[in-house]
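In what follows, a single structure is set out as structure tokens and then discussed.
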Amino acid sequence: MKAEKTGRRRGARLEDAILDAAWAELVEQGYPGLTLEGVAKRAGTSRPVLYRRWPSRTALATAALGRHLVQNPIVVPDLGNIRDETCLLLRELSNRARPDMIRLIFDMQKDLMEKQTNLAEVRAHLRAEIVDSDVMQTILTRAIDRGEVIASRLTPRIVALPTDLARHEILMTFQPLSDAAIREIVDEIFLPLINATDEGTSS
């Protein structure tokens, strides 16, 4: 009876079961130990079912990571100013980047190179999968409404700058961001580029 029920799963229910199994395998085995066979067995389905949706373990791991991020979103409430909100965002980003998750990204690199892709493409894929994930844009929209920042200065690269610098620091050190690092990123690099108080001095 259990096998029959497993066999009847379709659509989102089946995909959720597979991605739950894939994440559990990643946590227990790490990326090097992840196999489609192991995930299929844990999920109570078959390897061909997995392969039709995710043709490689890299694709499956990326999807499982994306679902994990969806289930554990970063939420930054309105704190009244862009500085405190950006600092909180970087702290939450750092807290979520556990050593095992960092190791997962590094372990995926060999497979990514063989498929002629890279971490930037994986990141773009994850962002496309996660609905309403751009917390930075929410923070900036509030800041614009308050008159804190100059909207014309918000190029895509500048908008991504705080989180890109935070990720770089975490990936290079394998350590959580220090309070000093967060202050440097926000106060010395990001805010001077967008601060509305500097409008009169800009040429």
How large is ³J(HN,Hα) for each residue in the stretch 152-166, as worked out from phi by the Karplus curve 6.51 cos²θ - 1.76 cosθ + 1.60 (θ = phi - 60°), to whole Hz, x for Gly and Pro? 5, 7, 7, 6, x, 5, 5, 4, 7, 4, x, 6, 5, 5, 5
Using per-residue counts of other Cβ atoms within 10 Å, averaged over each peptide, order 22-32, 58-68, 44-54, 149-159 from highest down. 58-68, 22-32, 44-54, 149-159
Whole-Hz Karplus ³J(HN,Hα) for the stretch 46-54, in order, using 6.51 cos²θ - 1.76 cosθ + 1.60 and θ = phi - 60°, x for Gly and Pro? 10, 4, x, 5, 5, 5, 5, 9, 10
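Read the figures in this text as sums done on the coordinates, not as results from a lab. If you're wondering where the values come from, they're calculated on a predicted model, not measured in any experiment. Virtual Cβ from ideal backbone geometry, glycine too; neighbours counted across all protein chains shown.
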